[in-house]
There are 4 protein chains.
Amino acid sequence: MRTKKKCVVLGAMFFACLFLFGSLDLSAQSAFNPKPKTAQEAIEFVVMANRILSNENIFDYLGHVSLRNPENPNTFFISRAIAPDLVTKGDILEVDLDGKVITQSKFAPYSERIIHGSIYKARPDVNSVVHAHPIDACIMANAGVQFRPMIHHAAIFWQGVPIYDEYDFTAPKATGFLVTTKEEGDRVARILGPRKAMLMVAHGCIVVGDSLPYAVYATIVLRDNIVVQLGAEQASRQPKYMSEAQSKHMGQILGGGLERSWNYYVNRMKKANPDMR
Amino acid sequence: MRTKKKCVVLGAMFFACLFLFGSLDLSAQSAFNPKPKTAQEAIEFVVMANRILSNENIFDYLGHVSLRNPENPNTFFISRAIAPDLVTKGDILEVDLDGKVITQSKFAPYSERIIHGSIYKARPDVNSVVHAHPIDACIMANAGVQFRPMIHHAAIFWQGVPIYDEYDFTAPKATGFLVTTKEEGDRVARILGPRKAMLMVAHGCIVVGDSLPYAVYATIVLRDNIVVQLGAEQASRQPKYMSEAQSKHMGQILGGGLERSWNYYVNRMKKANPDMR
Amino acid sequence: MRTKKKCVVLGAMFFACLFLFGSLDLSAQSAFNPKPKTAQEAIEFVVMANRILSNENIFDYLGHVSLRNPENPNTFFISRAIAPDLVTKGDILEVDLDGKVITQSKFAPYSERIIHGSIYKARPDVNSVVHAHPIDACIMANAGVQFRPMIHHAAIFWQGVPIYDEYDFTAPKATGFLVTTKEEGDRVARILGPRKAMLMVAHGCIVVGDSLPYAVYATIVLRDNIVVQLGAEQASRQPKYMSEAQSKHMGQILGGGLERSWNYYVNRMKKANPDMR
Amino acid sequence: MRTKKKCVVLGAMFFACLFLFGSLDLSAQSAFNPKPKTAQEAIEFVVMANRILSNENIFDYLGHVSLRNPENPNTFFISRAIAPDLVTKGDILEVDLDGKVITQSKFAPYSERIIHGSIYKARPDVNSVVHAHPIDACIMANAGVQFRPMIHHAAIFWQGVPIYDEYDFTAPKATGFLVTTKEEGDRVARILGPRKAMLMVAHGCIVVGDSLPYAVYATIVLRDNIVVQLGAEQASRQPKYMSEAQSKHMGQILGGGLERSWNYYVNRMKKANPDMR
């Protein structure tokens, strides 16, 4: 009896240690590759990004993130229209660059998927797009404050961060502050230009990357820099901004830390999402 | 021995996967109906809303949410006077539009239940009422700042958000900033008028909806927009507001995302409230 | 085998439901009594208050809360000098009103226990004292902003909240901003006067109550009102303050909600502190 | 059958109480020694500090903390280049004061490890260094606001907190806002001088201590004081600052609470990091 009980207890402890908490298997770290090779891996990355950006308060019930299909540059993967924190593999749809859903599915896609398609079309260098409404990005966009890199790793935005405010309220199928028509999608892509991020009045932000971990990372850095910038501008009439030369210099030498940030976000997300362990 | 141990471990793992964390049964999603048909379902919705609004920092130990009885439009369901985060089905009372408690119960009702009754009387289109004191709503009300939609989904408040400040400190049974008399309740309903929300000086806010998930959703959007508005007004002397035409346009095309937001809030609430899984 | 496994799983589920999470035994609610009758009960209350105030971000590694001994009005219970979030029953000391430790113990007491003793001596109506350094109280004290009730339940502070700044840096055993001498303790009690709370420059706040649940509650309301007041003053040059008459009126009719707030804080604390379930 | 089931349940309960939650073994408290004697203990301290500073929002995916080798004052322990919240014992490297990695390892070190080496060289009194980018420190540094002790325990910074802004963008191997060359490291150490902390434009802060628990503690106090100072300066044109004499007086009598703060941070960290229990 005693022995059996001990076994059970030991078994339970073992299970607890392995599965219940912690012990997040980080062996994947050594094999970190920000650019998946297969559609299957890409889908898993999209699920991870949805959960991570929810966990980092970038997404609430809104927001979406996509990844270009590594097996076909003319399509991308994105969740069906549900809250990002609930996304699982079965929710990921394949969509073409005009926004047409390729996957056979009864599920509705995000109405704003055209944002992703238009950017992938205009930017062959981009493989991942995040569209979100983090509170601080909304504040800066609506305040009309020009984004300036303030913390060193935000120098990745040395090309500037425009504020989009060319919504069309009159076009036939226009949906105001939502980007749902090809015309609006193309305008969004044009104003983003060669840059990594854009704020959007009454809406939020768009951030792009050559990989999904980069786009996730850059979105979080964008938000953190906004908090620092708005805080510094409130605390002083003459906050210290990086010069353009400084941010360009920094922005070009940065970039080695992608595995570090990705593993950090994954670990935090797993702590908060037992079903993702 | 070994086999038995394995069984226990596997059993425990199975149980853990199913019940302990995650695996929140979202099959209900497909059957989402924001308007319950029976009193029994209505009561369950009221419990959910209490827990969700607590989890989203809309409620603290104060605040209440009600739902009109789908089986009798002249009564509504609301918790007895306890902290919303502790509400279970047994705490829900049926109350008539004059504030009379119908349910046989030894439990005390909220003294401010008349807010709900007066609004249901004046607004046949309203099926759910939230009254709460979120910090940011209190700030805006006490600052006397006029609410303006800033983020696109806050366009649902295109009819405006008045600030209530007609408390009666002299009437016989008046309780100052508390709304406990029919006269004060009717005044509250009159100033709310046909709108979706109202701020209240020294008190908080009231938000209404044609369904409980809508009222819950709208309360959270109200708060988020207040954070953006106060932030943008602090960061700039000329923040960008939606024009009245823009917010009206947006406010009328929005609304398809109710299932998405409800499932999001439910999931977050269940993660934080194991007894609700 | 199957049956056994099922038993284990069921057993584990049962245990999980009962002990692991949730199912916080709230039967105590019905027997709520804010004023314990015995020293033993008083000690349990002091432990609860330490954990609650830590969980509500009122305490960090500093801060202390005491309760007058219900069996001897000339002594009070307070933790030994450890972080409040770590306090258990074995850490509670009995101290007399001059700060002398009565309990036989090798543990060091808080150097500032004289705050509690001096107030109990000067205020027979006070049975519980909280001394803490919540960030927002520090901001208001150091800004020299006069506290004004802004949210209705903060009307309990209708007698005003003075700001203490009479530290003695020259007296023989003076410890500057710490209150460790009887002289400084008596000065603190004198300036607090008949009021419920006081802010302290470079230090934090003191809040008192006729019961421990009241002192805990009032400390949290004090903090929340400060957040609203500083926010409203920042958002507007003319925020709406309660008139003195209004806050006095409200402050005198409030008070029925103590069980509600106490159960709320206890529930939140238990969710975050498994060892307290 | 019944008995067996009961055993399992009891066993599971026992295990749950002991290992799952709570029951953080605080027996170590009585043996608290802020200065480990062996390299092995030092490594464990460095792991703890990484996790604590992550848990207290001082670190995100960036930031590092080191401890001078108690067995060899000419080397120190610091993690390899990964996110601090993921650090375990196997990640700790021994590095000499010129930044040369002593440990045989395939792992890359932090490029900014020279910050630590240069300070240990210049300051024999320093045994632990924290370099981090907490949002509030970044705000203050970029706003160019002079740090002033506002809360009593921040008087430990009575010697002042300079703002570093002497980055070299032109030197051969210069990396702009990163401190990666010996020249930049020595400049950092020179401007820090005999002080406990320094802010860094576009970067964050450096905090040092004669022990690791002290450096951890001081970093958190630095951040908290910044929040109070920026808040008070925003709420008032004439906030109350400590005089230099007051902060010097306080700063010299403080210091007895290190065990209290360390146990507090450890407990919070363990609650959030099951793998560290």
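The values are calculated or read from the model by the stated rules, or taken from the named source; none is laboratory data. Just so you know, these numbers come straight off a predicted model, no measurement behind them. So basically every Cβ, Gly included, is an ideal-geometry build from the backbone, and we count neighbours across all protein chains shown. Heavy atoms of the whole protein, side chains included, go into the accessibility calculation; ligands, DNA and RNA do not. Shrake-Rupley method; radii C 1.70, N 1.55, O 1.52, S 1.80 Å.
For the stretch B:160-167, check the following and say yes or no: at least one residue is within 29 Å of C:R237 (Cβ to Cβ), in contact (Cβ under 8 Å) with a residue 12 or more places away in the chain, in a loop (DSSP other than H, G, I, E, B) and within 11 Å of chain C (Cβ to nearest Cβ). Yes, because at least one residue in the stretch B:160-167 is within 29 Å of C:R237 (Cβ to Cβ), in contact (Cβ under 8 Å) with a residue 12 or more places away in the chain, in a loop (DSSP other than H, G, I, E, B) and within 11 Å of chain C (Cβ to nearest Cβ). Among the residues of the stretch C:215-247, just one is more than 30 Å from C:T175 (Cα to Cα) and more than 10 Å from chain B (Cβ to nearest Cβ), namely C:E244. With (1) open to solvent by 30 Å² or more (accessible area, probe 1.4 Å); (2) touching a residue at least 12 places away in the same chain (Cβ under 8 Å); (3) away from chain C (no Cβ under 14 Å); (4) of a type outside the set (F, W, Y) as the list, and B:T175 as the residue in question, which single condition is left unmet? Looking at each condition in turn, B:T175 falls short on (3). Against the conditions (1) under 25 Å from A:Y164 (Cβ atoms); (2) away from chain B (no Cβ under 14 Å), A:S261 satisfies every one except (1). Taken over the stretch B:235-256, residues that are touching a Leu at 6+ places or on another chain (Cβ under 9 Å) and surrounded by fewer than 18 Cβ atoms within 10 Å (Cβ to Cβ) amount to 1. Of all residues in the stretch B:178-203, those satisfying the criterion of being assigned to a loop (DSSP other than H, G, I, E, B), surrounded by fewer than 23 Cβ atoms within 10 Å (Cβ to Cβ) and more than 14 Å from every other protein chain (Cβ to nearest Cβ) are B:G193, B:P194, B:R195. Checking D:L230, D:L212 one by one, the residue that is touching a helix residue (DSSP H, G or I) at 6+ places or on another chain (Cβ under 8 Å), open to solvent by less than 10 Å² (accessible area, probe 1.4 Å) and over 20 Å from A:H152 (Cα atoms) is D:L212 and no other. Just give me the residues in the stretch D:22-80 being at pLDDT below 95 and of a type in the set (F, W, Y), in sequence order. Within the stretch D:22-80, D:F32 is the sole residue that qualifies. Taken residue by residue, the stretch A:120-141 has at least one member that is over 30 Å from D:L62 (Cα atoms), away from chain B (no Cβ under 14 Å), in contact with a strand residue (DSSP E or B) (Cβ under 8 Å, 6 or more places away or on another chain) and not in a loop (DSSP other than H, G, I, E, B).
For the stretch C:264-277, a tally of residues being at the interface with another protein chain (Cβ under 9 Å from one of its Cβ atoms) and open to solvent by less than 50 Å² (accessible area, probe 1.4 Å) returns 7. In this structure, is B:I139 of a type in the set (V, I, T) and under 24 Å from C:R223 (Cβ atoms)? It is true that B:I139 is of a type in the set (V, I, T) and under 24 Å from C:R223 (Cβ atoms).
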